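Presented below is the structure to which this report refers.
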Amino acid sequence: MTLDLALFLILALVAIAAALGMLLSRNAVYSALFLVLNFVTVAVFYLLLGAPFIAMAQITVYAGAIMVLFLFVIMLLGAERLPDAKVLPWQKPLAYGLAFVLAAEATYLFVTRARPEGDILPPEAAVNTLDNLRALGIALFSDYLLPFEVTSILLLVAMVGAILLTKKEKWERK
Amino acid sequence: MHLSETVNSGFFFLAPWLVLAPVTGLLFNIVFGGRLGEKAIGWVASAASGAAFVVSALLAWSLAANGGHAVSVPFAEWIHIGSLELDWTFRVDSLSTTMMLVVSGVGTLIHIYAIGYMHEDVRFKRDPGRFRRFFVFLNLFIAAMMILVSGDSYLMLFVGWEGVGLCSFLLIGFWYEMDTLARPSWANSDAAKKAFITNRVGDFGFLIAGFIMFWVFGSFQFDEVFSQVSTIAPGIIIAITLFMLVGVAGKSAQIPLYVWLPDAMAGPTPVSALIHAATMVTAGVYLIARSAPLYSSVPEAQNIVALVGAVTALFAATIAVGQYDIKRVLAYSTISQLGFMVAAVGMGAYVAGMFHLVTHAFFKALLFLSAGSVILGLERGHHRAAHGHHDDHGKGKKKAGKGKEESGDEEYHEEVFDPGDMRNMGGLRKTMPVTFWLYLIGGLSLSGIFPFAGFWSKDEILADAFREGFTGVYWLLTVAAFFTALYVGRQIWMVFFGEPRHEAAAHAEESPPVIITPLAVLAFLATFGGAFNLPGVHTLTDWLEHTIEVHAGEFIWSVAIISTMLALLAILVSWLIYGRNPLKAAQVDPLKRPLGFIFTGMENKWYVDELYQAVIINPFKKLSQFLADVIDERFWHDWFHEKVIAGTYNWLSNIALDRYFDQRGIDAFANALGAWTQSLSAALRKVQNGFVRSYALSVLLGVVVILGYLIFK
Amino acid sequence: MVPVEYYIILSAVLFSIGVAGVVFRRNALVIFMSIELMLNAANLAIVAFSSALKSLEGQIFVFFVIAVAAAEVAVGLALIVEIFKSKRSIDVDQMNSMKG
């Protein structure tokens, strides 16, 4: 067992545990914090995979901006906990069962049908430096310029939409 | 075998324009007439008719240059079935060009006259919008008449025959919802229907003749038919000719089918002049002249034709003496004169018949149009008398323009004024002098006074009858000629002499130049038309010789003198009765007392209409009533359809189909289907429980199943 | 040296956990978080493939996914706030007014 494999296994355990923690916490705030942990773990995976830019984006956008937004909303609404309800009692075991089957199926399919060539080697030092960033930037602003610009418009539209949705009552009151 | 030949020289290629010119005119008026004024519409129609006249003249000239030999001008393929080939071919020969010239020449003059006449007529009737329709119909008539006279087979002739019948119907019923007095009435449409239906009876005869002809000769083409006459049994020819005579009696108003013509005077006066005096009604005479080879081969048929014509001539002339309506007198006169023509062509005197046809077209058109001028003058006078003496002609126009509703009722409440009734006239010599002189010329020509056109043509008929040994016919026609002069004299004395018997007559006005000018031309022709075939010169005889067999009629002094003396005597008699002591207003006709019931008979047209009513129409109505009420309604409808068919059907559908097949079969199936669907949906709606998580679960289930499928595939 | 399958299996497990969260949690916010987890798992798989294939396209794709996810979260949270305003709850079981 090499060192990076051991690192992977430990991190994987942490990630799964964090995901399960998010799944099982009764309090939404805990769920959010577990998810942050999961995101950070995944960011480390990205570093291991030689994608430092994505790792940084993961940390800042997901773990930072998005999850902070979640926490804001949870606290704003005071909806940390829902009152217990005895509806759809068979939903939970069924969900577990099906999710397990899904995981098994997906794993099987990926491993048997979509197996790429080669293994993931520990990234060279140069990869996690500016080289990757430069290559990514050049690709993004040459070949993928149009999708990039469209994404910016999408973000703008989302912003306007979000504002409009929450402001709606005021519009109506007028 | 074609006796006629196709020639490329001359103007023969223009022949189709005989028909196309008036058709162009009427299409132009239909399409653009709405935007044109009345003047333009009238002149376009007149120009179209005039173009047909020019074409006719060019054809006649070309024919003369060609030595008078008949020429066929193929125009269009019509019916080609197997070996049967029926084409639309124009036949240009001396007979058809004579008819073409008369039709288009007189027709053009009447078109021009109608511009003035209809201008006022539509206003007196308060519907100026019909002006265009009138000229469209008139052009259509010219086109149909040209088809009739120019066709080179009996079939094309029949097409034109029916076409002119249609135009006659349309124009008699031109004011279909009001009578000549502008009152609401269906009299005009009744007259139109009478004309149409009576003509159908005649056309039935013509059709039978055509069927036999095709059966025997295998062709409708004139030359092909005539060339085989000698090979066919005379009995069959007699049948053909007599059935054809039925058609002639219908179209040319001979006994027993003449009854429609007097009623046809309901149409506007130019129509009476053009269709019901000068051209269409002579189609029968043309048909017999055209069929001369057929008739000449069977003297028996000729005798019958001549007798029918002669009897009609006398019969109608006696009725004319007893009539009061100015146009009705002329209508019976037309029947009588047509009798002369039919008698002439029946005797084999085709040239005399055609000659009389031509001169009659001139003087009878002149008389009718002058009568129209008189009627218009009276209407103007009536208008003035009714609305005071200020100038109300313009006012009337304005009113007419505003539409019917506004001024419509205004005149109906007045006493009914018939501008055509001679008892309302009198003294018009002073108020309408030009019309008087023109009418006088026409009247003298009709009476057969030397040297007017009518004298020459009528004398030729009488001379031929005398010479050919048709003694009975000769005397009948001579007596008819006496009555002719009598009713002409009576009419002229009553209309133009004496004192006005009605306010309207006193205020009558002369007609405008557009009306007078065509009359003057016609008067010229009525005066000098005899020059076409003067005894010893025989222009028309030589001309027609190329087409039909002719006898160069010799002038017989005794015949001429007798007929002239009789005519003068008749005029003298009419002066004694009507001229010396002019009729007073509301006075009974002076002939009534001495003649008694005879005059009553004349006055009532010898009760022929009533006879037909009793013998034909009433039994026909009874029969149709019986067929409709008893046979159709009670038997077919009530019993057979309702009881037998509908009853059986109901029983079948109620018991067998409805109860067993429908209710227990189809209904049960459909109901079960519905119930099954309901229960299924009741089960399924539980799935639709409104929980988002449930839906998500079903999506997940689907994903799992699909993935499983992909794995185990 | 880690075989790429390990990353894929991890991705599948995380994805399935996210699915389970979507299916049985009643809190709309937690469901939303589960969706983010699923997106994240997918991203992980893409980057792993990208790395194994020595290609940058995968990373660019993930970059766009992150951007779109940000937009999605902004709108989605606005919707949840709006739902809470009308229902006074973010229990998805309460959102059944379209029930047939």
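Numerical summary
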{"read-out": "Residue list for the range B:556-584, filter: assigned to a loop (DSSP other than H, G, I, E, B) and either under 25 Å from B:Trp475 (Cβ atoms) or open to solvent by 20 Å² or more (accessible area, probe 1.4 Å) (or both)", "value": "B:Ile556, B:Arg580, B:Asn581, B:Pro582, B:Lys584"}
{"read-out": "Where A:Leu94 falls short, out of the listed (1) at the interface with chain C (Cβ under 7 Å from one of its Cβ atoms); (2) in a helix (DSSP H, G or I); (3) modelled with pLDDT under 90", "value": "(1)"}
{"read-out": "Qualifying residue in the range C:33-49 (condition: open to solvent by less than 10 Å² (accessible area, probe 1.4 Å), at the interface with chain A (Cβ under 7 Å from one of its Cβ atoms), outside any helix (DSSP H, G or I) and under 30 Å from A:Lys86 (Cα atoms))", "value": "no"}
{"read-out": "Residues being within 14 Å of another protein chain (Cβ to nearest Cβ) and either among the aromatic types (Phe, Trp, Tyr) or under 14 Å from A:Val87 (Cα atoms) (or both) - total across the range B:667-697", "value": "7"}
{"read-out": "Any hit, the range B:480-495, residues being hydrophobic (A, V, I, L, M, F, W, C), touching a His at 6+ places or on another chain (Cβ under 6 Å) and more than 26 Å from B:Val102 (Cβ to Cβ)", "value": "no"}
{"read-out": "Selection count where residues are β-branched (Val, Ile, Thr), open to solvent by 40 Å² or more (accessible area, probe 1.4 Å) and within 25 Å of B:Gln254 (Cβ to Cβ), scope the range B:159-204", "value": "3"}
{"read-out": "All helices (runs of 4 or more DSSP H) inside the range B:590-646 with 2 or more residues being over 30 Å from B:Gly579 (Cβ atoms) and either under 36 Å from the mean Cα position of the chain (by Cα) or modelled with pLDDT of 80 or more (or both)", "value": "B:608-612, B:618-626"}
{"read-out": "Enumerated helices (runs of 4 or more DSSP H) restricted to the range B:387-446, each holding at least 1 residues that are modelled with pLDDT of 60 or more and more than 17 Å from B:Gly377 (Cα to Cα)", "value": "none"}
{"read-out": "All helices (runs of 4 or more DSSP H) inside the range B:86-195 with 2 or more residues being touching a strand residue (DSSP E or B) at 6+ places or on another chain (Cβ under 8 Å)", "value": "B:154-172"}
{"read-out": "Elements of type helices (runs of 4 or more DSSP H) in the range A:1-81, at least 1 residues being of a type in the set (Ser, Thr, Tyr), in contact with a helix residue (DSSP H, G or I) (Cβ under 6 Å, 6 or more places away or on another chain) and more than 9 Å from chain C (Cβ to nearest Cβ)", "value": "A:28-48"}
{"read-out": "Counted residues, the range C:50-60 - those being without any contact (Cβ under 8 Å) to a residue 24 or more places away in the chain, aliphatic (A, V, I, L, M) and part of a helix (DSSP H, G or I)", "value": "2"}
{"read-out": "Matching entry among A:Ala95, A:Ala63 (being under 29 Å from B:Val704 (Cβ atoms) and without any contact (Cβ under 8 Å) to a residue 40 or more places away in the chain)", "value": "A:Ala95"}
{"read-out": "Single condition B:Gln221 does not satisfy, out of (1) crowded, with 24+ Cβ neighbours inside 10 Å; (2) in contact with a helix residue (DSSP H, G or I) (Cβ under 7 Å, 6 or more places away or on another chain)", "value": "(2)"}
{"read-out": "Residues of the range A:13-37 classified as more than 24 Å from C:Asp91 (Cα to Cα) and touching a residue at least 24 places away in the same chain (Cβ under 8 Å), total", "value": "2"}
{"read-out": "Residue selected from the range C:12-27 under the condition part of a helix (DSSP H, G or I) and open to solvent by less than 10 Å² (accessible area, probe 1.4 Å), by the criterion farthest from the other protein chains (Cβ to nearest Cβ)", "value": "C:Gly18"}
{"read-out": "Single unsatisfied condition, B:Phe532 versus (1) surrounded by fewer than 24 Cβ atoms within 10 Å (Cβ to Cβ); (2) more than 28 Å from the chain's Cα centre (by Cα); (3) touching a residue at least 40 places away in the same chain (Cβ under 8 Å)", "value": "(2)"}
{"read-out": "Unmet requirement for C:Asp91, which otherwise passes all of (1) more than 7 Å from every other protein chain (Cβ to nearest Cβ); (2) surrounded by fewer than 24 Cβ atoms within 10 Å (Cβ to Cβ)", "value": "(1)"}
{"read-out": "Helices (runs of 4 or more DSSP H) completely within the range B:253-335 that count 2 or more residues being assigned by TED's automatic domain parsing to the domain that holds B:Leu95 and open to solvent by 10 Å² or more (accessible area, probe 1.4 Å)", "value": "B:292-296, B:299-321"}
{"read-out": "Test for B:Ser83: is it in contact with a Gly (Cβ under 7 Å, 6 or more places away or on another chain) and of a type in the set (Ser, Thr, Tyr)", "value": "no"}
{"read-out": "Failed condition for C:Ala71, given (1) over 25 Å from A:Pro93 (Cα atoms); (2) at pLDDT below 90; (3) surrounded by fewer than 21 Cβ atoms within 10 Å (Cβ to Cβ); (4) at the interface with another protein chain (Cβ under 7 Å from one of its Cβ atoms)", "value": "(2)"}
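The values are calculated or read from the model by the stated rules, or taken from the named source; none is laboratory data. Remember, predicted model here, so these are calculated numbers, not experimental data. All Cβ positions, even for glycine, are placed from backbone atoms using ideal geometry, and neighbour counts span all protein chains on display. The accessibility values were calculated without ligands, DNA or RNA, using every heavy atom of the protein model including side chains. Shrake-Rupley method; radii C 1.70, N 1.55, O 1.52, S 1.80 Å.
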